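Just so it is clear, none of the values below were taken in a lab; they were calculated from the coordinates. Since the model is a prediction, treat every value here as computed from it, not as a measurement. Positions of Cβ are generated from backbone atoms using ideal geometry, with glycine treated the same way; all protein chains shown enter the neighbour counts.
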Amino acid sequence: MCAAVAGSANLVLIVNLHSFEHLEEVLIRIAANFPTVTVTERRLVLRQVKIYGRLVDAEGRSVGIVPPDPWAVPTGSKVDGDET
């Protein structure tokens, strides 16, 4: 995922890798293809339980999906004109 942000770092890049060793390859490719880009910060999440609408089991393995609906009204939210 790629997102624009406000601040001195104006771009966030989120990648999912099979192993930590692949991170170095990603950074090398960014430096080679975009020499004016500076990586200012890196964060590592060792165990990401939920991602991209996937249903996961106790081991964190994908067992199904729930397609996200960005236009759906969240459960418990009020809609304009809703008096409840």
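FRET efficiency for Asp69 and His18, Cβ-Cβ distance as r, R0 = 30 Å, nearest 0.05?
Values: r = 29 Å, r/R0 = 0.96.
Result of the calculation: an efficiency of 0.55.
Where q = 0.18 Å⁻¹, what log10 of I(q)/I(0) comes from the Debye formula for the range 2-65, counting one point per Cα?
Each listed q corresponds, in turn, to -0.84.
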